[in-house]
Amino acid sequence: MVSVMLPLTLKDVSVRRRGKRLLGPVNLTLNPEGLTMIVGPNGSGKTTLLRVMHGVERLSEGSATWAVPEEEARHRQSYVFQTPIMLRRTVADNLRYPLQLTAKPRAEIEELVHHWLKRIGLDARMGLQATRLSGGEKQKLALARALIRKPDVLFLDEPCANLDGASTRDIETILRSALLEKTRIIMTTHDLGQARRLAGDALFMLHGVVHERGPASDFFSAPQTAELQAFFRGDIIA
Amino acid sequence: MNDILEGLVAAFWLVVTFDPDLMQISLRSLQVSLSALVIASAIALPLGTFLAIRRFRYRRLTISLLNALMGLPPVVVGLIVYILLSRSGPFGVLGLLFTPTAMIIAQVIIITPLIASITHQAMRELWAEYHDLLISLNTSGWQRIKTLIWDGRRNLLTASLAGFGRAIGEVGAIMIVGGNIDNATRVLTTAIALETGKGDFALALALGFVLIALAIGINISIHWLSRTEREGRW
Ligand SMILES: Nc1ncnc2c1ncn2[C@@H]1O[C@H](COP(=O)(O)OP(=O)(O)OP(=O)(O)O)[C@@H](O)[C@H]1O
Ligand SMILES: [Mg+2]
């Protein structure tokens, strides 16, 4: 491995749009290993926080810095969007695309593409237009496309939303093996079961700030704030 | 009524026997409009794509200008090109008036805004769709443009076909700058106007058949392209 990208440090980060503060102030340091789970109600700023970390959201205040220069960090991370973005190409071409951007030899590209097609169970559909896949298949393809460049850091915005049990398990299996290969994962979910299954540490977002944070063991079994306790009970938080 | 029937029959024969006059005029039409199409596309496709993905100072203004130019009456374009190319005009020394080149220039001016505008619209939609992904993948500016052009190629072809359709059926501007000179600048539309005036319905109708066939062919292609687009084939 080259130099270690993490920790990622967010310092006094705020995001404002049209005079409204969507996020912040957030102060946060992400350690080099494991899976960080972000939970919180709709509109609490989970997606915005993830985009800030990935560097695709303009900051109004503060800074987000990696342990390596920004340009290098940008190349070593991938992001799976909340609604999958499919290129208007075949399934296989969607997988090829990120590899073609780098100067990889053709044989190596094809090998990786076939490996991932198999892994997500879409090898029989490789010639199909990706836009015609089902919602769940698109999510799997987006995940494979994000992992195919072997990123050091992977951001996932609700990768299992709308997926059935079997597909969720498939994706969790892929995420676990990525974790074993030392990929740093930061993801959001509305599925508290999934949060418990995967999280190493967890963040609770509320009204654009990190309301509570801790290692998974404490976070889920002994939440400190009344709001997180209410969130776990399933109460509606104003 | 009889005239017209006789004309229809004669026209049919002119078409099936590949009448030399008819062929010459049709080929010139194709040559002028295809040349205009190639030049206009070379300007309009990159311009429309650029306007869709780059923010710069006079972007809004450029787009409004483009839309305004799209509404220019061809006759007025013809008049302006005529003035510019006429002996006393600024480009008079080139001696281009009443040549196919003058007709190509006029058609380029007429269809470039149309092609650029359709391109801009389609590319803006595609860019909105792809934006986050291409930014996230850390693509260079050049990679972004290549991706958009490749994945939007059907839309670009549709835009070009629409431009060609407009060019081949246009009469006002090329009549003025071409002069409808036999064996030199006579094309399908100007010939139809002339033959109709003379009452030679046979040739006029035969020319009309060819023009209609071309127009229908273009429309079917556009329709087919936009259908494969929606269904995501290709
Ligand atoms: N460009 C923008 N302009 C104005 N408001 C925005 C903009 N982008 C996001 N917002 C608002 O910011 C808030 C936080 O959005 P965000 O997508 O981060 O929430 P989330 O926690 O991911 O929600 P969900 O669980 O529904 O995905 C929302 O209220 C949203 O409407
Ligand atoms: Mg979200």
Qualifying residue in segment A:25-47 (condition: within 12 Å of ligand 1 (Cβ to nearest atom), within 14 Å of chain B (Cβ to nearest Cβ) and open to solvent by 40 Å² or more (accessible area, probe 1.4 Å)): yes
Close pairs from segment A:162-189: first over 12 Å from A:Lys140 (Cβ atoms) and within 16 Å of ligand 2 (Cβ to nearest atom), partner among the hydroxyl-bearing types (Ser, Thr, Tyr) and open to solvent by 30 Å² or more (accessible area, probe 1.4 Å), Cβ under 8 Å, at least 6 apart: A:Thr188/A:Thr47
Elements of type helices (runs of 4 or more DSSP H) in segment B:107-222, at least 1 residues being within 14 Å of another protein chain (Cβ to nearest Cβ), open to solvent by 20 Å² or more (accessible area, probe 1.4 Å) and in contact (Cβ under 8 Å) with a residue 40 or more places away in the chain: B:141-151, B:153-168
Condition met for A:Val91 (farther than 27 Å from A:Ala216 by Cα, of a type in the set (Val, Ile, Thr) and either surrounded by 18 or more Cβ atoms within 10 Å (Cβ to Cβ) or away from ligand 1 (no atom under 13 Å from the Cβ) (or both)): yes
Conditions (1) at pLDDT below 95; (2) more than 14 Å from every other protein chain (Cβ to nearest Cβ): number failed by B:Ile104: (1)
Residue list for segment A:53-108, filter: of a type in the set (A, V, I, L, M, F, W, C) and within 11 Å of chain B (Cβ to nearest Cβ): A:Val56, A:Ala73, A:Val80, A:Phe81, A:Ile85, A:Met86, A:Leu87, A:Leu99, A:Leu101
Answer residue from segment A:149-170, given it is modelled with pLDDT under 95 and of a type in the set (A, V, I, L, M) and is most open to solvent (accessible area, probe 1.4 Å) among those: A:Ala166
Hits in segment A:6-24 - residues which are more than 12 Å from ligand 1 (Cβ to nearest atom) and either in a strand (DSSP E or B) or surrounded by 17 or more Cβ atoms within 10 Å (Cβ to Cβ) (or both): A:Leu6, A:Leu8, A:Thr9, A:Leu10, A:Lys11, A:Asp12, A:Val13, A:Ser14
Selected residue (only one of A:Asp191, A:Asp218 is out of contact with any Ser or Thr (no Cβ under 9 Å at 6 or more places or on another chain), open to solvent by 10 Å² or more (accessible area, probe 1.4 Å) and assigned by TED's automatic domain parsing to the domain that holds A:Val80): A:Asp218
Any hit, segment A:217-226, residues being touching a helix residue (DSSP H, G or I) at 6+ places or on another chain (Cβ under 7 Å) and of a type outside the set (Phe, Trp, Tyr): yes
Any hit, segment A:61-80, residues being β-branched (Val, Ile, Thr), away from ligand 1 (no atom under 12 Å from the Cβ), surrounded by fewer than 19 Cβ atoms within 10 Å (Cβ to Cβ) and in a loop (DSSP other than H, G, I, E, B): yes
Members of segment A:171-182 that are surrounded by fewer than 19 Cβ atoms within 10 Å (Cβ to Cβ) and either part of a loop (DSSP other than H, G, I, E, B) or not hydroxyl-bearing (Ser, Thr, Tyr) (or both): A:Glu172, A:Ile174, A:Arg176, A:Leu179, A:Leu180, A:Glu181, A:Lys182
Candidate set from segment A:51-60 (those that are without any contact (Cβ under 8 Å) to a residue 60 or more places away in the chain and within 15 Å of ligand 1 (Cβ to nearest atom)); member that is surrounded by the most Cβ atoms within 10 Å (Cβ to Cβ): A:Val52
Close pairs from segment A:39-50: first outside the structural domain of A:Gly200 (by TED's automatic domain parsing), partner near ligand 1 (Cβ under 6 Å from one of its atoms) and not aliphatic (A, V, I, L, M), Cβ under 6 Å, at least 6 apart: none
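The values are calculated or read from the model by the stated rules, or taken from the named source; none is laboratory data. These numbers come from a predicted model, not from an experiment. Neighbour counts are summed over all protein chains in view; Cβ atoms, including those assigned to glycine, are modelled from backbone coordinates with ideal geometry. Quick note on the areas: whole protein, heavy atoms, side chains included, nothing else; ligands and nucleic acids left out. Shrake-Rupley method; radii C 1.70, N 1.55, O 1.52, S 1.80 Å.
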